[in-house]
Amino acid sequence: MGSRPAGPVLIRGGGELASAAARLLFLAGFEVAVLEREAPLAVRRRVCLAEAVFSGTAVVEETAGRLVPASGIRAAWETGGFVPVAVDPDGVSLAELQPEAVVDGRMAKRAPDTRVDQAAIVVGLGPGFVAGVNVHAVVETQRGASLGRVIWSGPAEPDTSVPTPVAGYAESRVLRAPRSGIFRGRCRIGDLVRAGEPVGEINGTPVSAPIAGLLRGLLGDGVPIDAGIKVGDVDPRGRQVDPSVLSDKARAVAAGVLEAILLRRMGLRGSPRP
């Protein structure tokens, strides 16, 4: 990066993939902030900076996040030592902070409101983005040989809506909302659960574990949810899994984000900031 200081990066979304990118960029010396919604939909909350919205603080593999008002992001950067997390679902603070890079990690899997004119470097994670149209670069999020690859022209692979199999279980390990309403948890992330055991409820309707294993993810209490949306997942490998450690997928995507920002910034792809 030469002698130029790393410019600010705003990351929209605080789920696992976005948090892994925020952590890596923070460790690489960038000023990073995470913009989240008021009631985050992240389920793997032990590796999500979105958790700061609920509890005020979050730690992802020793990288701390702290909830601040959107107007306090710049002051948080001056303080240093943590990643500021702000409730700003519409990205209003982009205009004020004028970041060098914007990373859309909301994983909406549909056409986003992100635009290439929002920063000198705009990166999108996964489906819904087209490099050269609404972002400068797309990072592939689909598992396989291309996971973490930086795409400079065209879209990411289409969303299959099928979770990656773990020990032979794919869709059957995912907890989905049986109805719309307010989610409340009955178990905690890291608990061992039995098949059929209620781990939460939505307006009195139980949400039960589909299989036996370790509860690796669970939606936060009090979050409004629509029917069919993912509210948690069970890992059949049980205690072999540490829910506070980032997945290999998250690390690959984070590396792709860092690659995209550095290559464009150095003028090796597209035009760097003057």
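The values are calculated or read from the model by the stated rules, or taken from the named source; none is laboratory data. What you see is a predicted model; the values in this text were computed from it and never measured. Cβ sites come from the backbone with ideal geometry, for glycine too, and all protein chains shown count toward neighbours.
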Discussion item. Tell me yes or no: at least one residue of region 104-115 is buried (at least 22 other Cβ atoms within 10 Å of the Cβ) and in a strand (DSSP E or B).
Written reply: yes
Worksheet entry | Members of region 128-149 found to be β-branched (V, I, T) and within 19 Å of the chain's Cα centre (by Cα), listed by number | V130, V135, V138, V139, T141
Worksheet, complete the sentence: In the set D90, D117, the lone residue that is under 19 Å from G15 (Cβ atoms) and of a type outside the set (A, V, I, L, M, F, W, C) is D90
Worksheet item: What residue, among those in region 185-198 that are part of a loop (DSSP other than H, G, I, E, B) and among the aliphatic types (A, V, I, L, M), is farthest from E171 (Cα to Cα)?
Response: I189
Discussion item. All but one of (1) assigned to a strand (DSSP E or B); (2) under 16 Å from R44 (Cα atoms) hold for I182; state the number of the condition that does not hold.
Written reply: (2)
Worksheet item: Which one of the conditions (1) part of a strand (DSSP E or B); (2) under 19 Å from P165 (Cα atoms); (3) of a type in the set (D, E, K, R) does E201 fail to meet, given that it meets all the rest?
Response: (2)
Item to complete: Tally the residues that are free of Cβ contacts under 8 Å to residues at least 12 places away in the same chain and at positive phi, restricting the search to region 145-165.
Response: 1
Worksheet entry | Matching residues in region 76-95 - criterion: being among the acidic types (D, E) and either in contact (Cβ under 8 Å) with a residue 24 or more places away in the chain or surrounded by 13 or more Cβ atoms within 10 Å (Cβ to Cβ) (or both) | D88
Worksheet entry | Residues (loosely packed, with under 12 Cβ neighbours inside 10 Å and of a type in the set (S, T, N, Q)) located in region 153-202 | S153, T160, S161
Discussion item. Anything in region 62-75 that is buried (at least 20 other Cβ atoms within 10 Å of the Cβ) and of a type in the set (K, R)? List them, or say none.
Written reply: none
Fill in: Subset of region 203-252 that is over 16 Å from S19 (Cβ atoms) and touching a helix residue (DSSP H, G or I) at 6+ places or on another chain (Cβ under 6 Å) - its residue that is surrounded by the most Cβ atoms within 10 Å (Cβ to Cβ)
V234
Item to complete: Return the total of residues in region 207-243 being assigned to a strand (DSSP E or B) and either acidic (D, E) or under 20 Å from R194 (Cβ atoms) (or both).
Response: 13
Worksheet item: Out of all the residues in region 20-29, is one or more assigned to a loop (DSSP other than H, G, I, E, B), crowded, with 18+ Cβ neighbours inside 10 Å and modelled with pLDDT of 95 or more?
Response: no
Response to the item:
Note on region 249-274: residues charged (D, E, K, R) and either in contact with a Pro (Cβ under 8 Å, 6 or more places away or on another chain) or at pLDDT 95 or above (or both) are K249, R251, E259, R264, R265
Worksheet item: Can you name the residue in region 121-149 that is in contact with a Ser or Thr (Cβ under 8 Å, 6 or more places away or on another chain), hydrophobic (A, V, I, L, M, F, W, C) and not in a strand (DSSP E or B) and, of all such residues, is nearest to P163 (Cα to Cα)?
Response: L147
